[in-house]
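Right, one structure below, let's go through it.
The values are calculated or read from the model by the stated rules, or taken from the named source; none is laboratory data. Since the model is a prediction, treat every value here as computed from it, not as a measurement. Cβ placement follows ideal geometry from the backbone for every residue including glycine, while neighbour counts extend to all protein chains displayed.
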Amino acid sequence: MMNKQPTPIQGQAGVMLLEALIAILVFSLGILSLVALQAVSIKLTGDARYRTDATLLANRLIGQMWVSGGDLSDLETNFKTGGDAYNAWLADVAGTDGLPGVAAADGDVVSTLPTVDFVPGDGQVAVTLFWRTPGMPAAERHQYTVVSQIVRNP
């Protein structure tokens, strides 16, 4: 009696290769997801930085208003949009360490220049900052507004 060698099952050929290819596909999708997550994280970190800078710049201006001398009319004259103290503060806002996109284009003031508005006779001031992140379309802008009450002791 002769022992016959078992023949391999032909239906299983290439299954291991297919499993390896699927494993590589799943691994690749995982890596691509991590790269996309990192890109979003970097963008959000940049946005948070600009928002923090806007907060600090607005609070700095309000602090300057609090320590400045004079009555409320002097305060409004100096710090309202276009005043001397406003222009000095604007140089910081639009400087190299300020907010991006705060500049003049073609001699016209763009919509990202900060504004300072006062409620007449009330001492209430609203400081609004606008900025565009690099690569942001010209029609869009970010905004941060601080409202404060400046009161002078008699």
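Filter segment 54-89 down to the residues that are in a helix (DSSP H, G or I) and small (Gly, Ala, Ser), then identify the one that is surrounded by the most Cβ atoms within 10 Å (Cβ to Cβ).
The residue in question is 54.
Please specify each residue of segment 41-81 satisfying the condition of being within 14 Å of residue 128 (Cα to Cα) and over 11 Å from the mean Cα position of the chain (by Cα).
55, 56, 57, 58, 59, 60, 61, 62, 79, 80, 81
Okay, residues lined up against (1) surrounded by 15 or more Cβ atoms within 10 Å (Cβ to Cβ); (2) at pLDDT below 70; (3) under 15 Å from residue 58 (Cα atoms):
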position: 91; (1), (2), (3): no, no, yes
position: 108; (1), (2), (3): no, yes, no
position: 116; (1), (2), (3): yes, no, yes
position: 119; (1), (2), (3): no, no, no
position: 123; (1), (2), (3): yes, no, no
position: 127; (1), (2), (3): yes, no, yes
position: 132; (1), (2), (3): yes, no, no
position: 138; (1), (2), (3): no, no, no
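So which residues in segment 132-152 are farther than 12 Å from residue 55 by Cα, in a strand (DSSP E or B) and out of contact with any helix residue (DSSP H, G or I) (no Cβ under 6 Å at 6 or more places or on another chain), if there are any at all?
142, 149
Considering only segment 55-81, state which residues are within 12 Å of residue 116 (Cβ to Cβ) and touching a strand residue (DSSP E or B) at 6+ places or on another chain (Cβ under 9 Å).
Within segment 55-81, 57, 58, 61, 62, 65, 75, 76, 79, 80, 81 meet the criteria.
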